[in-house]
Amino acid sequence: MNLPNVLTNLGLQAKESKVYLAALELGTAPASDIALRAKMNRVSTYDILKKLIERGFVSTHIQKKVKYFSATSPDLLRQDFRKKYMDFKEALPDLRRLQGTSSHPHIRYYEGLEAVKKIYADTLNSRTEILNYADSKSIREFWPTYDEDYVNERVKRRLYLRGISPKDEHGRRVAAENEKKYREIRLVQAGPFSFANEINIYDDKVGIVSFSKNEVMGMIIESPEIANTQRAIFMMAWEFAGMQRVD
């Protein structure tokens, strides 16, 4: 077995590995003897020994005014590395949570109707209910078979949807089929609360689709923080929509 490589894998530099192995072979020895065995300069060896002492690979003592160095037993090193490993393993859940809260959002962009359909397809794999803002008219103008292709598949998969839509002819028509289509759509005044975009909030994602001037584009933003913030905003809008008259 290549012992220097093993030690390098444990975090030692090549010269540090040579000095440790030389000290291990000699048992207890002054820096000059270790340098000779390692075939290195005495001053460099002494500097490396000080670093190895700080890291627990070497210990030292003075006898008759001479400083001696001893390599730490490999068995003690094994115990030390095992403890460090167990500490790291125990800390993994906290480290993963920290990574989740500090990671940057992952954003995917889509252009054109066929590409944007992938956003809707992604919602069909949701583990949570879908929260939705939508202009019932716009999406069906750009995607005439939207109900057959998407809504029916969502119903088939028993994915519940809560949505907010403008109170116009198309919104009323959609809301009239709430129970049949496994959803609840609440309507808001079409004038002050009109919107041409559709937003779907699900899992740790926010899917946004824009329908404008014969151009369809969208994105999926994957971020727990952004999704949870959008959920909170949706719930405020949901409560407001519940106070609106639907006639």
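Between the helical axis of 42-54 and the dominant principal axis of the chain, each derived from Cα atoms, what acute angle in degrees is found, rounded to the nearest 10?
For helix 42-54, the angle is close to 50 degrees.
For His104 and Phe88, compute 0.36 nm times the residue count separating them, minus their Cα-Cα distance, and round to one decimal in nm.
Taking His104 through Phe88 to full extension adds about 3.4 nm, to one decimal.
Give the order of His104, His170, His61 when sorted by the count of other beta carbons within 10 angstrom, beginning with the fewest.
Listing His104, His170, His61 from fewest to most nearby Cβ atoms yields His104, His61, His170.
Rank the residues Arg173, Arg108 as a footprinting-exposure proxy: fewest other Cβ atoms within 10 Å of their Cβ go first.
Result, fewest neighbours first: Arg173, Arg108.
Normalising by the residue count of the chain, find the relative contact order in percent from Cα pairs under 8 Å and 6+ residues apart.
Relative contact order comes out at 16 percent.
So what's Rg/Rh here for the chain, counting alpha carbon atoms and using the Kirkwood radius for Rh?
1.41
To the nearest 0.05, what FRET efficiency results for Arg127 and Asp149 with a Förster distance of 25 Å applied to their C-beta separation?
Once rounded, the FRET efficiency stands at 0.70.
Whole-Hz Karplus ³J(HN,Hα) for the stretch 29-41, in order, using 6.51 cos²θ - 1.76 cosθ + 1.60 and θ = phi - 60°, x for Gly and Pro?
3J(HN,Hα) across the stretch 29-41, in whole Hz: 7, x, 4, 4, 5, 5, 5, 5, 5, 7, 6, 9, 5.
I'd like the orientation of helix 113-123 relative to the chain: the angle between its Cα long axis and the longest Cα principal axis, in ° from 0 to 90, rounded to 10.
That works out to roughly 70 degrees.
Taking R0 as 25 Å, what FRET efficiency do you get between Asp203 and Lys156 from their Cβ-Cβ distance, rounded to the nearest 0.05?
Working from the Cβ atoms, E equals 0.85.
How large is the convex hull of the C-alpha atoms of the stretch 3-72 per residue, in Å³?
75
Given the alpha-carbon gyration tensor of the stretch 156-247, what are the semi-axes of its equivalent ellipsoid in whole angstrom, ordered largest first, with each equal to the square root of 5 times an eigenvalue?
21, 17, 15
Please work out how much length the chain gains when fully extended from His61 to Ala115, using 0.36 nm per residue of separation minus the C-alpha to C-alpha distance, in nm with one decimal.
So the chain would gain 12.3 nm between His61 and Ala115.
Which percent, nearest 5, of DSSP beta bridges in the chain are antiparallel?
Counting only bridges with both partners in the chain, antiparallel ones make up about 75 percent.
Among Leu98, Phe81, Ser44, pick out the residue whose Cα is farthest towards the positive end of the charge dipole of the chain, where Lys and Arg carry +1 and Asp and Glu carry -1 on C-beta, about the Cα centre.
Among Leu98, Phe81, Ser44, the one farthest towards the positive end of the dipole of the chain is Ser44.
Based on Cβ point charges of +1 for Lys and Arg and -1 for Asp and Glu, what charge dipole magnitude is obtained for the stretch 50-200 about its Cα centre, in debye rounded to the nearest 20?
With Lys and Arg at +1 and Asp and Glu at -1, about 1440 debye.
What distance in nm separates the two pseudo spin-label positions at Lys213 and Phe240, each 7 Å out from Cα along the beta-carbon direction?
Going from the Lys213 label point to the Phe240 one covers 2.8 nm.
Measure up Lys156/Lys213; Lys118/Lys167; Lys117/Lys137 against 26 Å on the Cα-Cα distance and list the ones that go over.
Lys156/Lys213; Lys118/Lys167
Return one number: the angle in degrees, 0 to 90 and rounded to the nearest 10, between the long axis of the Cα atoms of helix 74-102 and the longest principal axis of the Cα atoms of the chain.
Once rounded, the angle reads 20 degrees.
Determine, for each peptide in 227-237, 78-88, the mean count of other beta carbons within 10 angstrom over its residues, then list the peptides with the highest first.
Top to bottom by mean Cβ count within 10 Å: 227-237, 78-88.
For a paramagnetic label modelled at 7 Å from the Cα of Gln13 toward its Cβ, which residues of the stretch 50-91 fall within the zone defined by backbone nitrogen distances under 11 Å?
The answer is 51-52, whose backbone nitrogens lie closer than 11 Å to the label point.
Considering only the stretch 106-242, what is the antiparallel percent among its DSSP beta bridges, to the nearest 5?
Around 70 percent antiparallel, to the nearest 5.
Suppose R0 equals 45 Å; then what is the FRET efficiency for Ser44 and Arg231 from their Cβ-Cβ distance, rounded to the nearest 0.05?
0.15
Given 10 Å bins starting at zero, what is the percent of C-alpha pairs of the stretch 83-197 in each, up to the one with the largest pair distance?
In whole percents, the pair-distance histogram is 12, 34, 26, 13, 9, 5, 1.
Read-outs: derived from the displayed coordinates by stated rules, not from any lab. Bear in mind that the values here come from a model prediction, so they are computed numbers and not experimental data. Every residue, glycine among them, receives a Cβ derived from its backbone with ideal geometry; neighbour counts consider all protein chains shown.
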